[in-house]
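Student: Once you've had a glance at the structure underneath, I'll fire off some questions.
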Amino acid sequence: MTMAGIQAVHELKREKPGIPLAVTAVSTVAQAVTVAKAGADVCAIFNGPLDLEQDEPVQIVGPVRAIYDRHGYKTSILSAGRFPRSFGEYAAAGTDMVTMRFDFLTKLFEHAFTDKRLLGFAQDWQKVFGNQTWPGA
């Protein structure tokens, strides 16, 4: 996310429109608008590092999504999450893609209520079908 980078995106898209381009290290709504106006395919918002500077790094996503939608920009929004909760928050705000560490990704499948219900389903199955893997199989 530099002036030279934005100029390069603009020129490359003019010369070779099919080449996919992303701009990374985007930190403000204004920068994200510039990325879309230049024609980038992906605007990579560095939400994770923003966590160190502001309380709610997800707040940048909503305004960017609204501007992109209002003006018909095709640029996708990529957010970088530092915490498992980030995935849902960024998705709800309008992010198209989220990157995160693999150990955070695996935590998306963990929840005490989910585990409790799965155990309940397994117990109910056992009562009705015993050890069968499928009724009548």
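Values in this text are rule-based calculations from the coordinates and carry no lab data. As the structure is a prediction and not an experimental result, all values here were calculated from the model. Please note: Cβ atoms are built from the backbone with ideal geometry, for glycine as well, and neighbour counts cover all protein chains shown.
Student: Can you give the charge dipole size of the chain about its Cα centre, rounded to the nearest 20 debye, using +1 on the beta carbon of Lys and Arg and -1 on the beta carbon of Asp and Glu?
Tutor: Dipole about the Cα centre, nearest 20: 320 debye.
Student: Among Phe109, Pro84, Gln59, flag the residue with its Cα farthest along the positive direction of the charge dipole of the chain, charges on Cβ as +1 for Lys/Arg and -1 for Asp/Glu.
Tutor: Phe109
Student: Hey, which lysines would be in cross-link range of Lys107, C-alpha to C-alpha under 24 Å, not counting anything within fewer than 8 residues on its own chain?
Tutor: The qualifying lysines are Lys116.
Student: Turning to a different aspect of this structure: Mind ordering 6-16, 34-44, 109-119, 69-79 by average Cβ neighbours within 10 Å, highest first?
Tutor: Top of the packing list down: 34-44, 69-79, 6-16, 109-119.
Student: Separate question: Check cross-link reach from Lys13 to the lysines: straight Cα distance under 22 Å, and skip same-chain residues fewer than eight apart.
Tutor: Lys37, Lys74
Student: Got a sec? Charge dipole of the chain, +1 on Cβ for Lys and Arg, -1 for Asp and Glu; which of Ala44, Ala32, Gly130 is way out at the positive end?
Tutor: It is Gly130.
Student: Still on this structure: Can you give the FRET efficiency to the nearest 0.05 for Gln7 and Gln59, using r as the Cβ-Cβ distance and R₀ = 41 Å?
Tutor: After rounding to 0.05, the efficiency reads 0.90.
Student: Pick from Gly62, Gly94, Gly120: which is most flexible by mean-square fluctuation in a GNM of the chain where alpha carbon atoms under 10 Å apart are linked?
Tutor: Highest fluctuation among the options: Gly120.
Student: In sequence order, what are the phi-derived ³J(HN,Hα) couplings for the range 76-81 according to the Karplus relation 6.51 cos²θ - 1.76 cosθ + 1.60 with θ = phi - 60°, rounded to whole Hz, with x for glycine and proline?
Tutor: 7, 9, 10, 10, 10, x
Student: Report the calculated FRET efficiency for Ile19 and Ala66 (r = Cβ-Cβ distance, R0 = 22 Å), to the nearest 0.05.
Tutor: 0.20
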